[in-house]
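First up is the structure itself, then whatever we jot down about it.
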Amino acid sequence: MASFWTKHRAFIVNIIIALAVGGVSAFAVYDSMREFDALIKPPLMPPSWVFSVVWTALFILMGISAALVWRSGGDERGSALTVYAVQLAVNFLWSIFFFRLGARLLAFFWLLFLLALVLLMISLFRAQSKCAARLQLPYAVWLVFAGYLNLAVYLLNG
């Protein structure tokens, strides 16, 4: 019988990678949060703790999806996982643009680029694993909401 590690290695590794991207991103912008807290916030802005919970869940879903695609053995899984990796990098950079650099309009357009990548990723994942694609739908929805928040913060704060 296969060991737990052998059976679940793809899931464990991919979840750790996704969470690490999120963790490094949060660490990179942590000292910018005071400035952000002083900004005018739009209606529907959730309390700050919601972002940690939501992003943790989304990164876990990303890792599970990537593992499902990896384990699918499909011919195009390499392309799907490449888009996955690129969107992780784009996701990381959004935080830098928005929080660290205060380039909120650039961050909004970057977020639209990220959303396009995620929609492409969902399409590519669907060809490998319908479940992997479905697990990314909350991410796409959250990015639409994040786009609203991003643009509203830009407009309210000039």
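The values are calculated or read from the model by the stated rules, or taken from the named source; none is laboratory data. In this text, all values refer to a predicted model and were calculated from it rather than measured experimentally. Cβ coordinates were reconstructed from backbone atoms using ideal geometry, including for glycine residues, and neighbour counts include every protein chain displayed. Side chains included, ligands, DNA and RNA excluded: accessible areas come from the protein's heavy atoms. Shrake-Rupley method; radii C 1.70, N 1.55, O 1.52, S 1.80 Å.
How large are Rg and Dmax for the chain when calculated on the C-alpha trace, in angstrom?
Final numbers for Rg and Dmax: 16.6, 61 Å.
Given charges of +1 on the Cβ of Lys and Arg and -1 on the Cβ of Asp and Glu, with all other atoms neutral, how large is the dipole of the chain about its Cα centre, in debye to the nearest 20?
Using Cβ point charges on Lys, Arg, Asp and Glu, the chain gives about 360 debye.
Quick check: the distance between the Cα centres of the stretch 130-144 and the stretch 53-105, to the nearest angstrom?
The distance from the Cα centre of the stretch 130-144 to that of the stretch 53-105 comes to 11 Å.
Hey, what number do you get for the chain at 222 nm if only DSSP H runs of n ≥ 4 count, each worth -39500 (n - 2.57), divided across all residues, to the nearest 500? If you can, show how the numbers build up before the last one.
Numbers: 7 runs with 126 residues, N = 158.
Theoretical 222 nm ellipticity from helices: -27000 deg cm²/dmol.
In Å², and per residue, what accessible area does the chain have when probed at 1.4 Å with the other protein chains present? Don't skip to the answer; put the middle values down first.
Values: 8710 Å² over 158 residues.
Per-residue value: 55 Å².
At a 1.4 Å probe radius, carbon and sulfur cover how many percent of the accessible area of the chain? Don't skip to the answer; put the middle values down first.
On the way: 6230 of 8710 Å².
Here carbon and sulfur together make up 72 percent of the probe-accessible area.
Taking the Cα-to-Cβ direction at Phe27 and at Val54 and moving 7 Å from each Cα, how far apart do the two end points lie in nm?
2.5
Sorting check: for 30-39, 115-124, which peptide has the highest mean count of neighbouring beta carbons within 10 Å, and how do the rest follow? Walk me through the numbers before you get to the answer.
On the way: 30-39: 11.5, 115-124: 18.6.
For the peptides 30-39, 115-124, the packing ranking is 115-124, 30-39.
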